[in-house]
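A quick write-up on the structure given underneath.
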Amino acid sequence: TLSFSSSSRSLLPFSIPTFSVRAMASHIVGYPRMGPKRELKFALESFWDGKSSAEELQKVAADLRSSIWKYMADVGIKFIPSNSFSYYDQILDATAMLGAVPARYGWNGGEIGFDIYFSMARGNASVPAMEMTKWFDTNYHYIVPELGPDVNFSYASHKAVDEYKEARSLGIDTVPVIIGPVSYLLLSKPAKGVEKSFPLLSLLDRILPVYKEVIGELKAAGASWIQFDEPKLVMDLQDHELQAFSQAYSELEASLSGLNVLVETYFADLTSEAYKTLTSLKGVSGFGFDLVRGTKTLDLIKGGYPSGKYLFAGVVDGRNIWANDLASSFSLLQDLEGIVGKDKVVVSTSCSLLHTAVDLANEPKFDKDLKSWLAFAAQKVIEVNALAKAFVGQRDEAFFSNNALAHSSRKSSPRVTNEAVQKAAAALKGSDHRRATNVSARLDAQQKKLNLPSLPTTTIGSFPQTMDLRRVRREYKAKKISEDDYVKAIKEEISKVVKLQEEFDIDVLVHGEPERNDMVEYFGEQLSGFAFTANGWVQSYGSRCVKPPIIYGDVSRPKAMTVFWSSMAQSMTQRPMKGMLTGPVTILNWSFVRNDQPRHETCYQIALAIKDEVEDLERAGINVIQIDEAALREGLPLRKSEHAFYLDWAVHSFRITNCGVKDTTQIHTHMCYSNFNDIIHSIIDMDADVITIENSRSDEKLLSVFREGVKYGAGIGPGVYDIHSPRIPSTEEIADRIKKMLAVLESHILWVNPDCGLKTRKYTEVKPALSNMVAAAKLLRAEL
Ligand code: GLN
Ligand code: ZN
């Protein structure tokens with residue numbers, strides 16, 4: 001009475017369920033932790049607010065982990081990562097594992113719990129958080145380990161082993177992922193009080209014993225593979241740093257025996273020295289490469305690959321949201337197979353999927369076409385699996401042919417290609433775009449028109465965004481209030497902000513940006529070629545996520561974007577009102593960018609759209625226009641060899657936006673992050689009339705450039721107080737800082753302004769701070 005399908009592998013029905021078809025050789029480097037609807041974010045924030053218990057948070061986390069593991073197992077992935085989950089950050093997890101808790105958190109040994117862990121991440125009532133910094137060239141931020149000769153390393157968080165066991169109890173054998181020992185040290189900094197020159201790598205001997213303990217426990221728990229992420233290998237490293245890798249893995253070799261070890265790299269290719277070091281590591285069974293960003297990796301592999309070692313081929317892009325080109329990945333994998341042998345190639349993602357959106361299934365508003373062009377993390381898992389299966393002769397023909405169709409539809413779609421834009425952008429190449437008159441003559445012409453006092457005061461753009469304001473925007477978007485009511489509400493807000501600035505006697509005003517919810521999204525929504533997700537969140541740090549727009553087509557500006565609000569604001573005052581725009585490089589760097597043309601071509605297209613806006617503002621009588629390039633510095637490529645090319649097109653794009661304005665129109669730009677010293681010449685080359693820079697946390701650093709003799713003739717406003725903190729700076733304190741600046745910069749080029757926009761602050765903080773700022777400027781003007 002039992003019937004079997006022709007594909008049944010056994011005549012004994014009771015043996016069937018235990019045997020599932022398993023594709024060979026597929027691997028995922030890491031997976032987003034937040035959950036498809038940001039479940040972890042809400043659980044974390046509720047726990048931090050004291051609204052839910054630790055157990056409730058742990059339950060949400062465990063559910064997320066198990067659903068992710070089960071999903072990958074169901075899809076058919078062979079090497080499923082564990083310990084790629086984190087309550088805050090994977091580097092902080094390693095710091096906890098190593099017991100490297102800075103003394104100020106008062107940890108007394110024992111297993112590190114939420115208390116100490118979240119104090120390190122976020123600070124507590126009495127102690128500030130550890131420093132956070134950008135994770136390579138992504139928008140993710142990690143918690144920087146603070147190390148020195150006095151740290152007592154000890155095995156203090158069993159998270160990696162616990163998660164391995166947890167997955168195992170669900171019937172899923174996983175690959176535990178841990179940051180490799182050398183990258184860990186290279187990602188850390190000398191603790192406070194430790195000399196800046198302290199050799200962090202000298203701690204290798206002291207952290208390896210903890211790694212050995214972890215390895216031992218994982219083996220005992222039944223692990224057969226372990227993944228060490230060593231992304232630092234893609235950077236420009238010195239010989240002694242490369243040697244540390246060889247030394248570390250030689251030292252670990254004995255404890256790793258009996259275990260398969262993957263050393264994973266990502267975000268770029270390796271130098272040939274780094275490649276040699278990596279592929280000769282002792283005790284390692286396989287190496288992972290980013291074959292999307294690592295453009296030279298294939299050549300390195302062709303040049304020689306150690307026999308008998310696995311190659312984890314990262315062909316599915318973990319940094320973007322595009323559907324993989326399966327046909328071309330398949331042929332690349334075939335090439336690799338030819339070099340390293342058939343059973344030695346493992347299909348993988350280019351890096352952790354942490355850096356892409358979670359699941360396309362949660363984008364109901366996308367049309368079928370657009371959807372077919374995209375793949376978020378959940379879809380990328382399926383792509384990896386499909387490639388792996390095709391590799392072992394189980395090609396899903398329908399999946400491959402749909403993918404090919406989607407690619408040709410994307411290529412030929414009129415939504416993607418706009419001939420006129422392509423032509424205009426192509427015409428820019430090779431040419432230079434500069435304002436005709438030099439900056440000092442321009443500043444003179446502008447001063448005649450603007451008639452500003454010395455040490456002019458201004459702000460960076462946004463004013464506090466109140467709950468009311470957010471509600472008005474939300475309701476307008478949801479069509480719950482009429483356009484008229486919306487305009488009225490925003491107009492009232494602008495007028496409030498204008499009056500306030502006049503009261504404080506600020507010289508160059510802003511309208512406060514009340515109509516914007518995000519400085520990139522606001523422009524993306526009005527430009528063609530952009531799409532917006534409903535749930536395409538990517539973790540930025542801790543519980544914070546960003547939702548980058550998707551640039552899928554040629555960019556153009558159907559109509560003016562800011563002129564209405566800016567001229568309304570200008571009409572409310574006699575003082576100059578700054579027009580406020582986001583620059584092309586920042587729009588590019590904070591979006592998911594199309595992968596079917598070089599980044600710089602997309603950037604030039606955005607530059608042309610912003611140029612139109614600049615010229616419209618000028619025509620509408622706006623004499624000061626600020627073009628924010630908050631993210632120009634952070635887009636700097638990882639490898640020095642690529643810096644010059646990036647800076648060249650990035651700075652060129654900026655100049656394109658404003659090369660056509662009159663001498664009397666004053667172009668400002670603003671940059672976040674204080675680390676510019678390495679790109680100061682590019683900043684000068686942007687040729688803005690005035691630049692305002694985030695500076696409050698490192699006066700000395702920025703000013704030292706000028707002290708060392710860099711000639712800077714344009715206006716410059718290094719932020720005089722930190723807007724990231726609720727602290728209200730006193731007049732004296734601000735005056736002191738201006739004095740320090742005056743010691744280095746000539747008084748006629750110095751501007752006085754906060755560090756960045758005031759959007760995240762409260763009026764109770766902004767009012768006294770700005771009033772003190774103007775008072776300080778006046779104090780020093782009197783002394784000039
Ligand atoms: N004009 C923007 C603002 O003030 C700049 C923000 C930024 O630099 N991140 O909000
Ligand atoms: Zn800023």
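Derivation of every value follows stated rules applied to the coordinates shown; laboratory data play no part. This one's a predicted model, so the numbers in the text were calculated from it and none came from an experiment. Don't worry about glycine lacking a Cβ; one is built from the backbone with ideal geometry, like all the others, and counts go over all protein chains shown.
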- [ ] Could you state the angle between the C-alpha long axis of helix 39-48 and the longest principal axis of the C-alpha atoms of the chain, as a value from 0 to 90 degrees rounded to the nearest 10?
- [x] 70
Open item on the list: Using the Cα atoms of the chain, I'd like the radius of gyration and the largest Cα-Cα distance, Dmax, both in angstrom.
Closed with: 27.8, 102
TODO: Loop only per DSSP, at most 14 neighbouring Cβ atoms within 10 Å: give me the trypsin sites (Lys or Arg not before Pro) in the stretch 705-784, ordered by residue number.
DONE: LYS711, ARG727, LYS762
- [ ] Quick one: compute the contact order of the stretch 673-784, relative version, from alpha carbon pairs under 8 angstrom and 6+ residues apart, as a percent.
- [x] 29
- [ ] With label points built 7 Å along Cα→Cβ from the Cα atoms of LYS662 and SER280, find their separation and express it in nm.
- [x] 6.7
Task: Rounded to whole Hz, the Karplus (6.51, -1.76, 1.60) HN-Hα couplings of the stretch 592-602, x for glycine and proline - done: 7, 9, 4, 10, 9, 8, x, 3, 5, 5, 4
- [ ] Using label points projected 7 Å from each Cα along Cα→Cβ, tell me how many nm separate ASP736 and GLN422, to one decimal.
- [x] 6.0
Task: Mean separation of Cα contacts under 8 Å (6+ apart) over length of the chain, as relative contact order % - done: 11
Open item on the list: Assuming 0.36 nm per residue, please report the length gained on full extension of the stretch TYR763 to GLN58 beyond their Cα-Cα distance.
Closed with: 250.1 nm
- [ ] Go through the stretch 317-322 residue by residue and turn each phi into a ³J(HN,Hα) via Karplus (6.51, -1.76, 1.60, θ = phi - 60°); whole Hz please, and just put x for glycine and proline.
- [x] 5, x, 9, 9, 10, 8
TODO: Mind sorting LYS547, LYS368 by how few other Cβ atoms lie within 10 Å of their own Cβ, fewest first?
DONE: LYS368, LYS547
TODO: Please list the non-local residues whose amide H lies under 5 Å from the amide H of ALA375, H modeled 1.01 Å from N, same-chain partners needing a gap of 5 or more.
DONE: TRP322, ALA323
- [ ] Enter the angle in degrees (range 0 to 90, nearest 10) between the Cα long axis of helix 204-220 and the first principal axis of the Cα atoms of the chain, meaning the one along which they spread out most.
- [x] 50
Open item on the list: Test of the criteria: in the stretch 201-307, which trypsin sites (Lys or Arg not before Pro) are in a DSSP loop and have at most 14 other Cβ atoms within 10 angstrom of their Cβ?
Closed with: LYS296
- [ ] Set the Förster radius R0 to 45 Å, insert the Cβ-Cβ distance between LYS488 and SER409 as r into 1/(1 + (r/R0)^6), and round the FRET efficiency to 0.05.
- [x] 0.55
TODO: Take the Cβ-Cβ distance between SER401 and ASP648 as r, set R0 to 41 Å, and report the resulting FRET efficiency rounded to the nearest 0.05.
DONE: 0.50
TODO: Hey, for a label at ALA103 modelled as a point 7 Å past Cα toward Cβ, could you say which residues of the stretch 152-169 have their backbone N under 12 Å away?
DONE: 152
- [ ] Jot down the per residue volume, in cubic angstrom and as a whole number, of the convex hull over the alpha-carbon atoms of the stretch 485-554.
- [x] 152
Task: Long-range tail of P(r) for the stretch 482-622 (Cα pairs > 21 Å, %) - done: 50
Open item on the list: Among the listed pairs LYS134/LYS701; LYS488/LYS759; LYS70/LYS159; LYS488/LYS578; LYS159/LYS192; LYS371/LYS559, which have their C-alpha atoms separated by more than 23 angstrom in this model?
Closed with: LYS159/LYS192; LYS371/LYS559
Open item on the list: For the chain, give me the percentage of DSSP beta bridges that are antiparallel, rounded to the nearest 5 percent.
Closed with: 15
Open item on the list: Can you compute the helix-only [θ] at 222 nm over the chain? Use -39500 (n - 2.57) per DSSP H run of at least 4 residues, normalise by all residues, nearest 500 deg cm²/dmol.
Closed with: -13000 deg cm²/dmol
Task: Folded to 0 to 90 degrees: helix 731-742 orientation relative to the chain principal axis, Cα - done: 90
- [ ] Please give the FRET efficiency for LYS711 paired with ASP162, using the beta carbon to beta carbon distance and R0 = 45 Å, rounded to the nearest 0.05.
- [x] 0.20
Task: Residues whose placed amide H lies under 5 Å from that of THR692, excluding near-sequence neighbours - done: THR669, HIS670, MET671, GLY717
Open item on the list: At a 10 Å Cβ-Cβ cut-off, how would you order ASP663, ASP505, ASP74, ASP290, fewest neighbours first?
Closed with: ASP74, ASP505, ASP663, ASP290
Open item on the list: I'd like the distance separating the alpha-carbon centroids of the stretch 418-483 and the stretch 653-720, in whole Å.
Closed with: 16
Open item on the list: Please rank GLU618, GLU765, fewest neighbouring Cβ atoms within 10 Å first, as an exposure proxy.
Closed with: GLU765, GLU618
